Amino acid sequence: MAMATKEIPQFALYGEQNRNANAEFVHIELIETRSRLYDWHIGSHTHPGLFQVLFLLGGEVRSSIGDAVWQRSGPVAITIHPSVVHGFDFAPGAHGYVLTVDQNVIFSAAHGHGDLYSSLFVQPLAIDLSGIHQRLVALLENLSMEAAWPEYGHTLMLEWLARSTLLLLVRAQAETKLADQSGRSDFELFSRFRAEVEQHYKEQWQVGQYAEVLRVTPTRLNRLCLKLSGKSAFDLTQDRLMLEACRKLTYLPASIASIAYELGFQDPAYFSRLFKKRMGRTPKDFRR
C-alpha cells in the first residue's frame, strides 16, 4: 500500500528534523556518511524548499522518485526538486556526494535569467555524468573542502561553487534530452513568479499582487508553488526577504534599524519580531 502523504517524513536532511536557522543553505556530504548509518537504506521522505542532487560516482542505487523506480549505476546524477517524495537503496560500497541547496540560493542567482536552471526543475532526472566526470568531481571536492574549512567569504564561496556545479549539470542534461513541455509550462510560470519576487520583495507585495501581475488566481499560484517547491507563495516571499536580511546582517556594518528600513519595514521592532519568528533568533543574536 502506498504511504499516505501526511505520513511521509519531512526533513532538512534525512533523519534530522531541524534545520540550521539560516536562510542560506548549501550542504554537501559523502553518500556513505549517512547511508552507512541506515544500513544503506534511505526511506521515503521530502525536503520542502530544498533542491537535492545525488551524485553517484560509483556503485549502484535503487531510487524511488515520486511514482517512478529507477535502478542506476554510477557515474550518474539524480535530481530531486523540492516536495518530491524520494528514497534510496544503495548497494554497499556505493560512493559519491549528496548536494542539498536552498531553492532561494538558486533563484536569487538566476535573477534576470529565470530559465537558467529550468531543465533541472521540471521533473526528476537521471543524468549520465561520463562526459563531465573530471570537471564535476573537481567542483564537488572543492565544495566539500569549503564546507569543512570555512574561511573569509565562506557563504558566498559555497553558493558560487554550488551554482557552478548545477550549471555544469544543466549542460550535461542539454546534451541528452529536452525537458517535458507540460512540466516546462508549470516551471515557466513558477520562474516568472520568482522573477517578480526578486523585483518586489522589498516592497513586501501580497500574494494577490503577484497573482494579478502573473494573470492567475492566488489559489493557482499557491498550488503551483506547493507543487514545485513544497512551500506556499507567501512563504517563498518571506524566505526571500529573510535571505536578504541574513546577507545584510552578515556582510554590512549598518544598524539593524537601517537594514529594516532598507527591506521595506516601517517599524524595526516588527522586523526583529518577524526575523525571530522565521529564523529562530533575533537579528542581534544572528550577528554574533
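Some observations on this one:
- Using the Cβ of ALA211 as centre and a radius below 11 Å, the other residues enclosed give a net charge of 0, where K and R count +1 and D and E count -1.
- Rounded to the nearest 10 degrees, the inclination of helix 233-251 to the longest alpha-carbon principal axis of the chain is 80 degrees.
- In plain terms, the chain from GLN71 to SER258 could stretch by 62.0 nm, reckoned as 0.36 nm per residue minus the Cα-Cα distance.
- For the chain, the 222 nm mean residue ellipticity estimated from helices alone, with every DSSP H stretch of n ≥ 4 adding -39500 (n - 2.57) and the total spread over all residues, rounds to -14500 deg cm²/dmol.
- Tilt relative to the chain, helix 268-279 - C-alpha long axis, 0 to 90 degrees, to 10: 20
- 3J(HN,Hα) couplings calculated from phi for the range 120-136 with the Karplus curve 6.51 cos²θ - 1.76 cosθ + 1.60 (θ = phi - 60°) are, in sequence order, 7, 9, 5, 7, x, 9, 10, 10, 5, 9, 4, x, 10, 3, 5, 5, 5 Hz; Gly and Pro show x.
- Karplus-based coupling profile of the range 92-104, in residue order and whole Hz: x, x, 4, 9, x, 9, 10, 10, 10, 10, 4, 4, 5, with θ = phi - 60° in 6.51 cos²θ - 1.76 cosθ + 1.60 and x standing for Gly or Pro.
- Under-19-angstrom lysine pairs by C-alpha in the chain, whenever the two are 8 or more apart or on separate chains: 10
- Share of pairwise Cα separations in the chain, more than 27 Å, in percent: 42
- Placed amide H near ALA94: partners under 5 Å, 5+ positions off or other chain: GLU60
Every read-out reported here was derived from the displayed coordinates using simple, explicitly stated rules and does not represent laboratory data. Please read these numbers as outputs of a predicted model, since none were measured by experiment. Positions of Cβ are backbone-derived with ideal geometry, glycine not excepted, and every protein chain shown enters the neighbour counts.
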